[in-house]
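Chemist: One structure, pasted below without further comment.
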Amino acid sequence: MTAARVGIGGPVGSGKTALIEAILPLLAEVGIDTAVITNDLVTDEDAERLRKGGQLAPDRVRAVQAGACPHTVIREDPTLNMAAADRLETDFPGLDLILIESGGDNLASTFSPDLVDYWMFVIDVAGGDDIPRKKGPGILQANLLVINKADLAPHVGVDFPNMLAEATAVRGGGAVLPAICRKGSGIAEVVAHLRREVLFK
Amino acid sequence: MSLATIRAMQLADSGFPSGVFAYSWGLESALAEGQVCKRSLADWVALDLRTRWHRFDRIALAGGFRLTGEALSGWFETVDALMPVETQRRDSAQAGDALFASARALRIAMDPGALAAQAAGVGHFAVAHGVFLRACGLDLGTALETSALSLARGAFSAAVRLGVAGAITTQRDLLALAPLIAELAIAPDAQDLPSGAMLLPDVALMRPRQGRLFIN
Ligand SMILES: Nc1nc2c(ncn2[C@@H]2O[C@H](COP(=O)(O)OP(=O)(O)OP(=O)(O)O)[C@@H](O)[C@H]2O)c(=O)[nH]1
Ligand SMILES: [Mg+2]
């Protein structure tokens with residue numbers, strides 16, 4: 001098993017699937033062979049959305065249902081996701097990267113090191129600028145924190161530069177990147193970060 | 001306490017990672033369709049134990065426990081052929097995959113006959129569970145008790161997560177089911193075959209899968 005396994009967690013609706021949709025074309029451009037596993041709360045909505053998006057062959061997107069418990073499937077019992085990742089590697093030899101999207105959860109969710117080599121946590125500006133101050137293992141322990149929907153800051157009364165600074169401070173200087181997944185802004189930086197820190201490619 | 005008892009307690013623990021928490025084995029559909037409700041939940045679990053578990057899983061597991069090599073691969077194929085419904089075969093093989101992944105991560109060596117079956121896409125959970133529990137050092141009787149208890153506990157845990165039962169009430173129900181589990185968890189004869197007959201819980205497993213929280 002040689003593909004890097006990268007988790008993407010974060011609260012419901014923060015833009016996890018949008019981030020995947022945004023980075024897939026850039027990964028393809030630089031020849032990084034990628035597959036995705038989604039952990040939808042209900043059936044396989046996100047998997048279907050990614051398949052319909054057409055950026056990956058449909059069979060490169062696998063869905064794992066989470067039994068009403070999104071954090072269990074990435075933390076306490078990640079075996080279904082491990083099995084799905086192992087299958088992907090058997091089916092697509094030479095795979096470089098498997099992205100594993102967690103079902104939307106709360107700030108306490110973390111990925112098991114048994115499952116992933118590296119994980120990102122995606123929060124969004126509309127959730128409030130107090131989110132970084134609330135800390136929570138997701139914010140503090142993720143290898144990379146992405147703060148998405150920067151475009152919404154003026155509409156929800158958030159001082160975005162301050163939110164970024166606070167997030168960096170609570171993470172003790174750990175990596176924090178701003179993004180507007182919908183418009184593709186900040187996405188090149190996320191991909192560059194992954195290539196440097198995880199993919200070495 | 002014997003080493004085997006300590007092992008069995010660990011392996012029957014709801015925290016043991018084997019993917020089963022994401023399966024309701026038909027309970028989610030049965031609840032949605034009103035075939036079972038809060039009051040009849042314990043009866044539904046008892047019926048599931050008496051029918052699907054006793055006639056199918058128990059025998060499938062015992063074969064997995066007893067056989068090795070090619071005979072074991074053949075047993076996986078037999079069990080596959082005896083599952084009447086495609087979705088049921090797929091869910092059972094997916095659950096098996098998770099158990100194989102767990103064994104790999106735990107460095108518990110699964111019999112080569114089981115690994116061959118998994119590679120062929122027929123690594124069904126019940127049989128793989130027998131292989132796994134033997135590899136962990138359990139005797140067959142304890143392995144069967146572990147399996148039956150896990151099934152009952154898994155169904156109740158699904159009910160709790162679906163919001164139809166309380167976590168404490170279900171423990172009371174589980175206590176009440178213990179004698180039934182002890183009565184049912186008896187090793188089958190070596191020549192017994194799992195019953196492929198359609199059972200009520202199987203019918204629930206065949207329902208369409210729209211808007212579902214559990215794999216089945
Ligand atoms: N304004 C704005 N909206 C965004 C941005 N990124 C995502 N969205 C919107 O936010 C909503 C949720 O995005 P998703 O990508 O589905 O979020 P998710 O985290 O995958 O959601 P779950 O998987 O349900 O937890 C959608 O309506 C997106 O269009 C962004 O950068 N700006
Ligand atoms: Mg999503």
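Chemist: Name the one entry in A:ARG51, A:ARG60 that is open to solvent by 30 Å² or more (accessible area, probe 1.4 Å), of a type outside the set (Phe, Trp, Tyr) and within 15 Å of ligand 2 (Cβ to nearest atom).
Modeler: It is A:ARG51.
Chemist: Taking the residues in the range A:137-151 that are assigned to a strand (DSSP E or B) and within 15 Å of ligand 1 (Cβ to nearest atom) as candidates, determine which candidate is farthest from the other protein chains (Cβ to nearest Cβ).
Modeler: Top of the filtered list is A:ILE147.
Chemist: Shifting gears a bit: Being away from chain B (no Cβ under 14 Å) and away from ligand 1 (no atom under 16 Å from the Cβ): is that true of A:LEU194 here?
Modeler: Against the criterion (away from chain B (no Cβ under 14 Å) and away from ligand 1 (no atom under 16 Å from the Cβ)), A:LEU194 qualifies.
Chemist: Would you mind telling me which numbered condition in (1) modelled with pLDDT of 95 or more; (2) open to solvent by 40 Å² or more (accessible area, probe 1.4 Å); (3) out of contact with any Lys or Arg (no Cβ under 9 Å at 6 or more places or on another chain) A:ASP117 fails?
Modeler: Condition (3) is where A:ASP117 drops out.
Chemist: Something else: Look through A:GLY128, A:GLY104 and report the one residue that is of a type outside the set (A, V, I, L, M, F, W, C) and more than 14 Å from chain B (Cβ to nearest Cβ).
Modeler: A:GLY128
Chemist: When you scan the range A:172-201, how many residues do you find that are touching a strand residue (DSSP E or B) at 6+ places or on another chain (Cβ under 6 Å) and outside any helix (DSSP H, G or I)?
Modeler: Total satisfying the criteria: 7.
Chemist: OK, next. So the check is Cβ under 8 Å with 6+ separation or different chains; which pairs have a first residue in the range B:150-162 that's more than 13 Å from chain A (Cβ to nearest Cβ) and a second one that's among the aromatic types (Phe, Trp, Tyr) and open to solvent by less than 20 Å² (accessible area, probe 1.4 Å)?
Modeler: Filtered contacts from the range B:150-162: B:LEU151/B:TRP53.
Chemist: Please state which of the following conditions A:LEU80 fails to meet, knowing it meets all the rest: (1) out of contact with any Lys or Arg (no Cβ under 8 Å at 6 or more places or on another chain); (2) farther than 26 Å from A:LYS134 by Cβ; (3) open to solvent by 10 Å² or more (accessible area, probe 1.4 Å); (4) of a type outside the set (S, T, N, Q).
Modeler: Looking at each condition in turn, A:LEU80 falls short on (3).
Chemist: If you scan the range A:18-47, which residues turn out to be without any contact (Cβ under 8 Å) to a residue 60 or more places away in the chain, within 14 Å of chain B (Cβ to nearest Cβ) and more than 12 Å from ligand 1 (Cβ to nearest atom)?
Modeler: A:THR43 - this is the single residue of the range A:18-47 that is without any contact (Cβ under 8 Å) to a residue 60 or more places away in the chain, within 14 Å of chain B (Cβ to nearest Cβ) and more than 12 Å from ligand 1 (Cβ to nearest atom).
Chemist: Next up: Go through (1) under 12 Å from the mean Cα position of the chain (by Cα); (2) β-branched (Val, Ile, Thr); (3) under 21 Å from B:ALA182 (Cβ atoms) for B:VAL127 and report which single condition fails.
Modeler: Of (1) under 12 Å from the mean Cα position of the chain (by Cα); (2) β-branched (Val, Ile, Thr); (3) under 21 Å from B:ALA182 (Cβ atoms), only one is false for B:VAL127: (3).
Chemist: Can you name the condition, by its number, that A:MET120 falls short on among (1) touching an Asp or Glu at 6+ places or on another chain (Cβ under 7 Å); (2) part of a strand (DSSP E or B)?
Modeler: (1)
Chemist: In the range A:48-78, how many residues are within 15 Å of ligand 1 (Cβ to nearest atom) and either at the interface with another protein chain (Cβ under 8 Å from one of its Cβ atoms) or aromatic (Phe, Trp, Tyr) (or both)?
Modeler: 6
Chemist: Please pick out the residue among A:ILE8, A:ILE37, A:ILE32 that is of a type in the set (Val, Ile, Thr), near ligand 2 (Cβ under 10 Å from one of its atoms) and in contact with a helix residue (DSSP H, G or I) (Cβ under 7 Å, 6 or more places away or on another chain).
Modeler: Selected residue: A:ILE8, the only one of A:ILE8, A:ILE37, A:ILE32 that is of a type in the set (Val, Ile, Thr), near ligand 2 (Cβ under 10 Å from one of its atoms) and in contact with a helix residue (DSSP H, G or I) (Cβ under 7 Å, 6 or more places away or on another chain).
Chemist: Test B:ALA22 against the stated conditions and say whether it is within 14 Å of chain A (Cβ to nearest Cβ), on the phi < 0 side of the Ramachandran plot and buried (at least 23 other Cβ atoms within 10 Å of the Cβ).
Modeler: yes
Chemist: Further question: Which of the residues that make up the range B:161-210 are modelled with pLDDT of 90 or more, of a type in the set (S, T, N, Q) and closer than 21 Å to B:LEU82 by Cα?
Modeler: Result: B:GLN191, single match.
Chemist: If you don't mind, another one. Only one of B:ALA46, B:ALA42, B:ALA60, B:ALA95 is in contact (Cβ under 8 Å) with a residue 40 or more places away in the chain, of a type in the set (A, V, I, L, M, F, W, C), within 14 Å of chain A (Cβ to nearest Cβ) and open to solvent by less than 30 Å² (accessible area, probe 1.4 Å); which?
Modeler: B:ALA95 is the lone residue from the list that is in contact (Cβ under 8 Å) with a residue 40 or more places away in the chain, of a type in the set (A, V, I, L, M, F, W, C), within 14 Å of chain A (Cβ to nearest Cβ) and open to solvent by less than 30 Å² (accessible area, probe 1.4 Å).
Chemist: Sort out which residues of the range B:80-109 are over 22 Å from A:PRO113 (Cα atoms) and touching a Pro at 6+ places or on another chain (Cβ under 6 Å), and write them in order of number.
Modeler: Hit for the range B:80-109 is B:LEU82, nothing else.
The values are calculated or read from the model by the stated rules, or taken from the named source; none is laboratory data. Just so it is clear, the structure is predicted and the values come from calculations on it, not from any experiment. Backbone-built Cβ (ideal geometry, glycine too); neighbour counts: all protein chains shown. Accessible surface areas use protein heavy atoms only, side chains included; no ligands, DNA or RNA. Shrake-Rupley method; radii C 1.70, N 1.55, O 1.52, S 1.80 Å.
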